[in-house]
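**Student:** Quick one: the structure is below, questions incoming.
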Amino acid sequence: MFESGNHSFTSISEYLFKLGITTRKGNKINPDTIKRMLSNRFYLGVLNYKGELHKGIHKPIISKSLFDSANAQIERFERPRHKDGHNFPFAGLMKCL
């Protein structure tokens, strides 16, 4: 769904809400949570322990190609981060040609 590039984190959150998939309190899942879920290597069968990646004993529930495709879309939507700590909400929305 997301990897196609036709949906945002917000639209996925709304879609899940319509399906009845909510938080414990019955709210929509936060779009940032959707982003974290899509970039979580656990679904590939990989565990992150103390900053190191280890192959888990659980079976992956998505393919590596689907994970990579979804994360390529995430990178496409990411806005540049500034090292000086300033938050410019419109940064990265326009590009000079």
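Each value in this text was obtained by applying a stated rule to the coordinates, not by laboratory testing. Everything numeric in this text was worked out from a predicted model, so none of it was measured. Positions of Cβ are generated from backbone atoms using ideal geometry, with glycine treated the same way; all protein chains shown enter the neighbour counts.
**Student:** Restricting attention to segment 42-67, which residues are basic (K, R) and exposed (fewer than 10 other Cβ atoms within 10 Å of the Cβ)?
**Tutor:** Those that are basic (K, R) and exposed (fewer than 10 other Cβ atoms within 10 Å of the Cβ): K50, K59.
**Student:** Could you check segment 19-32 and list, in sequence order, the residues that are surrounded by 10 or more Cβ atoms within 10 Å (Cβ to Cβ) and free of Cβ contacts under 8 Å to residues at least 12 places away in the same chain? Lay out the reasoning, then the answer.
**Tutor:** Our first condition is that a residue be surrounded by 10 or more Cβ atoms within 10 Å (Cβ to Cβ); within segment 19-32, this holds for 21-23, 27-32.
Within segment 19-32, I21, T22, T23, N27 qualify.
**Student:** For segment 17-26, indicate whether the set of residues that are closer than 22 Å to A72 by Cα and more than 12 Å from the chain's Cα centre (by Cα) is non-empty.
**Tutor:** no
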